[in-house]
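Let me begin by presenting the structure, written as structure tokens, before commenting on it.
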Amino acid sequence: MSLISELTSLIKKSNIKVNETQVSQLIQYVELLVKWNKAYNLTSVRDPHEMLVKHIMDSLAVGEVLDGEHFIDVGTGPGLPGIPLAILFPERSFVLLDSLGKRITFLRQVVFQLKLANVTPLLSRVEKYQPEVPFDGVLSRAFASLEDMINWCKHLIDQDGRFYALKGQYPKDELTQLPNDVSLIKSHEITVPNLIGERHVIELKKN
């Protein structure tokens, strides 16, 4: 099955609404990821068909829980979940932050080739990056713990902003260790077609 046919089939199994242009952009992104991965080692997932489920659909599924217009994807790696979400929501803006130069080089190429006007790749360590305006939401699927995410990213949002942590199983133990000035708003269980295992988005806010 071609990548386009497979992605179209996966999207039909979900509640996600995308047009032909967006499907084309998502496929171009996967093709770039496969090509650059050989030299840059951007992801351990090598098979493009596997990428459709584990990277593309997994990222797109987060879209239903996001609230706001301006987001930062911290420790974005090869642009996950930021690039798929930016394609899904062209009216929202996404800063993709990573401390590794080769990842940002790759993301700049993605932005250029896919003509993504709403994406800003940024090379920086998260603790050193000071936004001019607080973000509506901080996204991450790279942090080891909720505690680390909060400690390193709390300067990126104000009282109205949200942390969105992408997790597998419900992180019960991590939630018991939240700092006193942060609380859980909701744990969203998300369904990713053809993905084995649980997926949760943990939504947190400052008190």
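Quick look at the numbers
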item	result
Lone unmet requirement of (1) modelled with pLDDT under 95; (2) part of a strand (DSSP E or B) for residue 202	(1)
Residue match in the range 1-22 (condition: surrounded by fewer than 15 Cβ atoms within 10 Å (Cβ to Cβ) and either touching a Ser or Thr at 6+ places or on another chain (Cβ under 7 Å) or hydrophobic (A, V, I, L, M, F, W, C) (or both))	yes
Scope the range 160-180; condition open to solvent by 100 Å² or more (accessible area, probe 1.4 Å) and touching a strand residue (DSSP E or B) at 6+ places or on another chain (Cβ under 6 Å); matching residues	170
Test: residue 141 is at pLDDT below 95, within 23 Å of residue 79 (Cα to Cα), surrounded by 13 or more Cβ atoms within 10 Å (Cβ to Cβ) and under 15 Å from the mean Cα position of the chain (by Cα)	yes
Pair list, Cβ < 8 Å and 6+ apart or interchain, from the range 1-29 residues that are farther than 13 Å from residue 52 by Cβ and assigned to a helix (DSSP H, G or I) to residues that are open to solvent by less than 60 Å² (accessible area, probe 1.4 Å) and β-branched (Val, Ile, Thr)	22/87; 25/87
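The values are calculated or read from the model by the stated rules, or taken from the named source; none is laboratory data. Every value quoted in this text rests on a predicted model; they were computed, and no experiment measured them. Here the Cβ is made from the backbone with ideal geometry for all residues, glycine too, and neighbour counts use every protein chain on show. With ligands, DNA and RNA removed, areas are computed over all heavy atoms of the protein, side chains included. Shrake-Rupley method; radii C 1.70, N 1.55, O 1.52, S 1.80 Å.
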